[in-house]
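Notes follow once the structure below has been shown.
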Amino acid sequence: MRRRHVLGHVLGLASSAAAASLAPRWTLTQAGWAQTSWPSANITIVVPFTPGGLTDILARSVGEKISPVLGRPVIVDNRPGAGGGIGSTFVARAAADGHTLLLGHIGILAVNPSLYANLQYDPLAFSYIAPLAIVPNILVVNPSVQVNSIKELIDYAKANPGKLNFSSAGTGGAAHIAMAAFNVASGTTMTHVPYRGTPQSVGDVISGQVHATFTSGVSLLPHVRAGTLRALGVSTRERLSIAREIPAIAETLPGFDLSSWYGIVGPAGLPEPVVLRLHEEIRKAMASPDVARRLNTEGAVHWDVSPQAFRDYVVAETKRWKSVVEAAKIKIE
């Protein structure tokens, strides 16, 4: 059952009215889009995964900030399934009126075209609005796995092909693709165990039912420092400033550089004034002190480029991940 969450509904009548009066609005006229009536309804940000993961956190953080400025509640609508395809397809088919948005990430926008034989949406047909964040991935294992470094993990996996497995929040998700890229770069063959969300995926590594996971953010550091997980490496070229004790995977696999990224898109054909207004308000939301602090707890950095630069980056990433998916021989019907 989908979880729907309304943000900003507790705004006082006075503050809502003030915010609404300050927010430019657009409507379609014979001459084009005029600044009169957008938004004219609640705004929905579709998260194509279960609640609790970073995608969900980012959607709620953005929604809380832009709701009072736009004068409308922002609803976060979780629509998981098919590696993000269900929620993404829903948004692709929605009216291009600026009221239905998608919080996408590396898997949904750049990997799925190579992963799914019958993808029901075209990522490059979306209206690109605002990039949000770039987040490092951390490769962790359960302490029962007798390895203490990336080199030891690679050596063990090669000596015991098929014995090690890894979890992800779902087939085609960021954790799945990150480990697939690691398998390709290291020549290992760890087995994928998909779940229906990040909390379940990580929980089973902590309990020892799964050996490893490659997850975004550094929210697992308390588990690492408590000894319930062992961190072997981060996906960035250099070590993280907030976790200098964890080596960069590139120290063992030169050139390895893989971070997750997130951004907001909408249906094809969104009016340019709506795109630009959303872009500006989302930029402000991501730069606010409380959201910046929340990003810092995940080891994330605000990714701030224009809508066109965002789309151009996705085009390049789509080409890069096609080679990874083909090398890993991953295909989903």
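For the stretch 236-254, state whether one or more residues are in contact (Cβ under 8 Å) with a residue 40 or more places away in the chain, in a helix (DSSP H, G or I) and open to solvent by 10 Å² or more (accessible area, probe 1.4 Å). Yes, some residue in the stretch 236-254 is in contact (Cβ under 8 Å) with a residue 40 or more places away in the chain, in a helix (DSSP H, G or I) and open to solvent by 10 Å² or more (accessible area, probe 1.4 Å).
Out of Thr228, Thr215, one residue alone is among the polar types (S, T, N, Q) and surrounded by 23 or more Cβ atoms within 10 Å (Cβ to Cβ). It is Thr215. When Leu153, Leu132 are checked against the criterion of being in a helix (DSSP H, G or I), aliphatic (A, V, I, L, M), at pLDDT 90 or above and buried (at least 24 other Cβ atoms within 10 Å of the Cβ), Leu153 stands alone in meeting it. Selection of the stretch 316-328 for residues being closer than 24 Å to Ala96 by Cβ and either at pLDDT below 90 or surrounded by fewer than 14 Cβ atoms within 10 Å (Cβ to Cβ) (or both) yields an empty set.
Would you mind stating whether Lys319 is more than 16 Å from the chain's Cα centre (by Cα), under 25 Å from Trp38 (Cβ atoms) and of a type in the set (Lys, Arg)?
Values: more than 16 Å from the chain's Cα centre (by Cα): yes; under 25 Å from Trp38 (Cβ atoms): no; of a type in the set (Lys, Arg): yes.
So Lys319 does not fit the description; no.
Look at the stretch 184-211 and say how many of its residues are open to solvent by less than 50 Å² (accessible area, probe 1.4 Å), touching a Ser or Thr at 6+ places or on another chain (Cβ under 8 Å) and not in a helix (DSSP H, G or I). Number satisfying all stated conditions: 5. If the condition is being open to solvent by 30 Å² or more (accessible area, probe 1.4 Å) and modelled with pLDDT of 95 or more, then the stretch 42-59 contributes only Asn42. The criterion of being of a type outside the set (Val, Ile, Thr) and modelled with pLDDT of 95 or more holds for Leu101. Within the stretch 116-127, the set of residues being buried (at least 20 other Cβ atoms within 10 Å of the Cβ) and assigned to a helix (DSSP H, G or I) comprises Pro123 only.
When every residue of the stretch 106-115 is checked against the conditions, at least one turns out to be open to solvent by 10 Å² or more (accessible area, probe 1.4 Å), under 17 Å from the mean Cα position of the chain (by Cα) and under 16 Å from His176 (Cβ atoms).
Note on the stretch 257-297: among residues that are assigned to a loop (DSSP other than H, G, I, E, B) and surrounded by fewer than 20 Cβ atoms within 10 Å (Cβ to Cβ), the one that is modelled with the lowest pLDDT is Asp257. The test for being more than 14 Å from Tyr262 (Cα to Cα) and touching a residue at least 40 places away in the same chain (Cβ under 8 Å) holds for Ile330. For the stretch 68-96, the set of residues classified as assigned to a loop (DSSP other than H, G, I, E, B) and buried (at least 19 other Cβ atoms within 10 Å of the Cβ) consists of Gly71, Arg72, Pro73, Arg79, Pro80, listed by residue number. Residue pairs whose Cβ atoms lie under 6 Å apart, separated by 6 or more positions or on different chains, with the first residue in the stretch 140-168 and among the hydroxyl-bearing types (Ser, Thr, Tyr) and the second part of a helix (DSSP H, G or I) and open to solvent by less than 50 Å² (accessible area, probe 1.4 Å), are Ser167/Ser201; Ser167/Asp204; Ser167/Val205; Ser168/Ala175; Ser168/His176; Ser168/Ser201.
The values are calculated or read from the model by the stated rules, or taken from the named source; none is laboratory data. Owing to the predicted nature of the structure, the values given are computational and were not obtained by experimental measurement. Don't worry about glycine lacking a Cβ; one is built from the backbone with ideal geometry, like all the others, and counts go over all protein chains shown. Keep in mind that these areas ignore ligands, DNA and RNA; they rest on the heavy atoms of the full protein, side chains included. Shrake-Rupley method; radii C 1.70, N 1.55, O 1.52, S 1.80 Å.
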